[in-house]
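What follows is one structure encoded as structure tokens, with my remarks underneath.
The values are calculated or read from the model by the stated rules, or taken from the named source; none is laboratory data. Bear in mind that the values here come from a model prediction, so they are computed numbers and not experimental data. Because the Cβ atoms are built from the backbone with ideal geometry, glycine has one as well, and the counts that use them run over all protein chains shown.
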Amino acid sequence: MTAPDPPASDLDPEHAPQPRPLPAPGFAPRLFDWIEQRKHPIGFAAVAIVFLLAAWAMLRMLGGVSTAEVGRSIAELPPAALLASAVLTAAGFTALVGYDWSALHYVGRRLPPATVVYASFCGFAVGNTVGFSLLSGGSVRFRIYSEAGLRSDDIVRVVVFCIVAFGFGVCAVSALGVLTRPDLLAGWLGIHVGWLHAAGIATIAGIAGWIALCARTRSFGWGRMTIPMPSVRLVVLQLTISALDIGFASAALYVLLPAHDGFSFIAFIPLYCVAAVAGIMSHVPGGLGVFEAVMLFALGNVLAKDELVGALTVYRCLYYVLPLLLAALLLGGNELRRQLVRRRG
């Protein structure tokens, strides 16, 4: 009888997750142990806080929008555009699952696909809308993944990986878009083409350097902490996931814009990235007002402003409000089910 073959890494055997050594004495291991012992009440409290933040975000987003305005904006849009935007939104959230999937592979953990999809959708739906994604979306993931059996330190690694990977992907896609049509973006934002060229080339060079570092180094240390480097295949996969995510998200807005001949979808992507990053960095719930301000500043002289505002209003409802409501229903239903099961047990 021959010995069974060892399980191969789904990503790169050379960078397959290694057994984690016992933690050295220090503050971080003690903190993780303390969290691990209390992860159920912490998770419940985190979800309760997220619900409060979500309610606050909803009030902020809907406070300045009347139902009549939303209804008029929807009525003026072609049904085909609304359907296309809804389908692209669903495709975008499907692509977002790739962040959690690759993060779990990075830390060497496997979970049922349904759990990964649930955590990813709720985490991004809450994090995108509430803001402070590390805390809001991270709290949702902590609750779901801790109930699924992940240790606290693994959940922290997953959350940080998702956020870093998202930023990494946005930078890569934005740089490629800028280098494709720098003249158009320069005209929209009032920035010299040379600065955009330099920023795009520097970003691409930095990404290439990071990929080269991942190919040469398996880990790097910082004090008592050792951080494993992702494999080259994982980095390339993450860039692909980011491209799909940003492509679907920007397309969901692009199909709602009024008819125009001034720019193509490819030229629109870097502008979308700039507006999205500005909204994220503002930490305003959903980038409310900041995202729209960038779009109005760039496209206000290209498209009719009233039609542009209508498209942005509908997009915010489809991409932010509806996913947040669905995530709240899913999280609330699961919390109710858990409490009922524990009382019966």
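Scan the stretch 78-106 for residues that are crowded, with 19+ Cβ neighbours inside 10 Å and aliphatic (A, V, I, L, M) and jot them down.
Matches in the stretch 78-106: 88, 95, 96, 97, 103, 104.
For residues in the stretch 103-123 being of a type outside the set (Ser, Thr, Tyr) and in contact (Cβ under 8 Å) with a residue 40 or more places away in the chain, which is farthest from residue 322 (Cα to Cα)?
Going through the qualifying residues, I end up with 108.
Condition check ((1) modelled with pLDDT under 85; (2) buried (at least 16 other Cβ atoms within 10 Å of the Cβ); (3) within 25 Å of residue 78 (Cα to Cα)) across all residues:
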| site | (1), (2), (3) |
| --- | --- |
| 264 | yes, no, yes |
| 271 | yes, yes, yes |
| 298 | yes, yes, yes |
| 304 | yes, no, yes |
| 318 | no, yes, yes |
| 328 | no, yes, no |
| 337 | yes, no, no |
| 343 | yes, no, no |
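Among the residues that make up the stretch 91-101, is at least one of them over 18 Å from residue 249 (Cα atoms), of a type outside the set (D, E, K, R) and in contact (Cβ under 8 Å) with a residue 24 or more places away in the chain?
No, every residue in the stretch 91-101 fails to be over 18 Å from residue 249 (Cα atoms), of a type outside the set (D, E, K, R) and in contact (Cβ under 8 Å) with a residue 24 or more places away in the chain.
Of the residues 164, 159, 232, 236, which single one is aliphatic (A, V, I, L, M) and modelled with pLDDT under 85?
Only one candidate passes the filter, namely 164.
Can you say whether residue 248 is within 24 Å of residue 77 (Cβ to Cβ) and at pLDDT below 85, as far as the supplied structure shows?
no
Select from the stretch 131-163 the residues that are of a type in the set (Val, Ile, Thr) and over 18 Å from residue 92 (Cα atoms) and write down the one among them that is surrounded by the most Cβ atoms within 10 Å (Cβ to Cβ).
140
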